Amino acid sequence: MNNRNAERESLILRAIWMLVFFFVWQLAELALLLVVVVQLIMRAVKGRVDESLQAFGDSLSQYVAQIGRFGTFNTDRKPWPMSDWPTPRPADVETPPPVTSVTPKEEPPV
């Protein structure tokens, strides 16, 4: 088998994996939509989000990004289950800046 045939077989195998991950992507998008809706309801009803669902949503969104990176040839590393499941990162929740008291400057005597 020459090198060209090996490359063609490798590309065909990659195309099969890409097709498999395309369907996984579709399922992951639905799961992510479900997480978004549940978190929205939790926030509206309880006033806060569920932390475990927040962590799962982050790792799921990273997983979808991994599928995209593999599909667009940005990496040869196949997503889960061929790799580890992404680790959730800390939330990037915006908090208001701390309030500092401003003391007026004394004006020089006139």
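Key figures
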| item | result |
| --- | --- |
| Pick from the stretch 27-77, criterion more than 19 Å from Pro90 (Cβ to Cβ) and among the aromatic types (Phe, Trp, Tyr), ranking: surrounded by the most Cβ atoms within 10 Å (Cβ to Cβ) | Phe70 |
| Selection status of Val24, of a type in the set (Val, Ile, Thr), surrounded by 10 or more Cβ atoms within 10 Å (Cβ to Cβ) and modelled with pLDDT of 95 or more | yes |
| Check on Val20, part of a helix (DSSP H, G or I) and either in contact with a Leu (Cβ under 7 Å, 6 or more places away or on another chain) or under 16 Å from Pro86 (Cβ atoms) (or both) | no |
| Residue within the stretch 2-14 that is part of a loop (DSSP other than H, G, I, E, B), surrounded by 15 or more Cβ atoms within 10 Å (Cβ to Cβ) and without any contact (Cβ under 8 Å) to a residue 12 or more places away in the chain present | no |
| Selection count where residues are of a type in the set (A, V, I, L, M, F, W, C) and either under 19 Å from Val35 (Cα atoms) or in contact with a Gly (Cβ under 9 Å, 6 or more places away or on another chain) (or both), scope the stretch 60-79 | 4 |
| Contacts under 6 angstrom Cβ, first residue in the stretch 31-49 being of a type in the set (Lys, Arg), partner surrounded by 11 or more Cβ atoms within 10 Å (Cβ to Cβ), 6 or more apart | Arg43/Val49 |
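The values are calculated or read from the model by the stated rules, or taken from the named source; none is laboratory data. These figures come from a predicted structure and were not determined experimentally. As a convention, Cβ positions derive from the backbone with ideal geometry for all residues, glycine included, and neighbour counts pool all protein chains shown.
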